[in-house]
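Report on the structure given below.
The values are calculated or read from the model by the stated rules, or taken from the named source; none is laboratory data. Because the structure is a prediction, the values reported are computed rather than measured. Every residue, glycine among them, receives a Cβ derived from its backbone with ideal geometry; neighbour counts consider all protein chains shown.
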Amino acid sequence: PRPLTGQPARHLEALTAEIEDEGLKAALTRLGTAVLGQKR
């Protein structure tokens, strides 16, 4: 998926900011990027 920029990127960062497990955080960031980056 293409990288997120602007507001969607900030939103995803806010959603994952509290996650301490780096592996889980990376996986959820990849998933969120794929979902939020889809054309509607």
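For the reader, a short list of remarks on this structure follows.
- Among the numbered conditions (1) touching a residue at least 24 places away in the same chain (Cβ under 8 Å); (2) touching a helix residue (DSSP H, G or I) at 6+ places or on another chain (Cβ under 7 Å); (3) in a helix (DSSP H, G or I), the only one that H11 does not meet is (2).
- Beta carbons closer than 6 Å, at least 6 apart along the sequence or on distinct chains, pair a first residue in segment 23-38 that is in a helix (DSSP H, G or I) with a second that is modelled with pLDDT of 95 or more and among the polar types (S, T, N, Q) for K25/T16; L28/T16; T29/T16.
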